[in-house]
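The values are calculated or read from the model by the stated rules, or taken from the named source; none is laboratory data. The shown structure was predicted, so the numbers you read here are calculated from the model rather than taken from an experiment. Note that each Cβ is placed from the backbone with ideal geometry, even for glycine, and that neighbours are counted across all protein chains shown. Please note that ligands, DNA and RNA were not included when accessible areas were found on the heavy atoms of the full protein model with its side chains. Shrake-Rupley method; radii C 1.70, N 1.55, O 1.52, S 1.80 Å.
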Amino acid sequence: MNLAEILSLEQFVPKVSAADRWAVIDALVDTLVKTGKIRPEDRETVRKAVKDREVSKSTGIGYGIAMPHASVPGVSDVVVVVARLNPPVDFQALDDKPVSLCVLLLTPQGQFQRHLQTLAAFARFLNDKERRAKLETAQTAEEMLAVFRA
């Protein structure tokens with residue numbers, strides 16, 4: 001899967017300041033509404049689905065990365081927003097380290113395989129230490145998108 005094909009400039013937020021993981025999720029869902037990736041009337045359904053998933057098990061996968069995600073009705077295609085968190089936020093990650101990179105992923109309800117494939121593609125991409133370092137120091141959405149296009 002070529003992640004650059006599902007990402008556009010408006011899906012990158014170079015700086016999110018939030019008190020906790022719940023505020024991060026709220027901010028990223030709001031970004032998806034502002035950019036037209038989800039409808040305003042679906043905002044609360046999406047928030048609830050992502051937060052319910054986060055309650056069941058933290059999406060902090062380690063190395064300063066969290067990938068909150070959910071399959072939701074009202075989403076017709078894969079929807080993603082990538083953010084740098086400054087300051088880093090506690091996501092109760094597997095390695096107990098705070099999160100500085102967050103990828104919020106939504107997929108249409110009932111597309112479990114596509115959901116897993118997209119999550120796996122982001123995990124593989126972010127497993128590369130050099131890519132993570134470039135994303136963590138990127139100052140603009142353009143710089144962040146360039147990492148995915150390289």
Determine the relative contact order of the chain: mean sequence separation of Cα pairs under 8 Å and six or more apart, normalised by residue count, in whole percent. 28
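Could you look at the chain and say what percent of its accessible area is carbon and sulfur, using a 1.4 Å probe and all protein chains?
Values: 3750 of 7500 Å².
In the chain, the share of accessible area belonging to carbon and sulfur is 50 percent.
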Sticking with the crude label model, points 7 Å out along Cα→Cβ, report the distance from Lys15 to Lys34 in nm, one decimal please. 1.4
Residue separation times 0.36 nm, minus the C-alpha to C-alpha distance between Asp90 and Trp22: what's the value? 23.5 nm
Sum -39500 (n - 2.57) across every DSSP H segment of at least 4 residues in the chain, then divide by the residue count to get the 222 nm mean residue ellipticity, nearest 500. -12500 deg cm²/dmol
For the stretch 40-150, fraction of C-alpha pairs farther apart than 22 Å, in %: 32
State the extension gain, in nm to one decimal, for the chain segment bounded by Phe112 and Lys57, taking 0.36 nm per residue of separation less the distance between their alpha-carbons. 18.0 nm
Residues with beta-carbon under 15 Å from that of Ala70, excluding Ala70: net charge, scoring Lys, Arg +1 and Asp, Glu -1? +3
The stretch 1-60 to the stretch 98-125: how many Å between their Cα centroids? 11
Using every Cα-Cα pair within the stretch 26-81, state what percent have a distance larger than 15 Å. 46
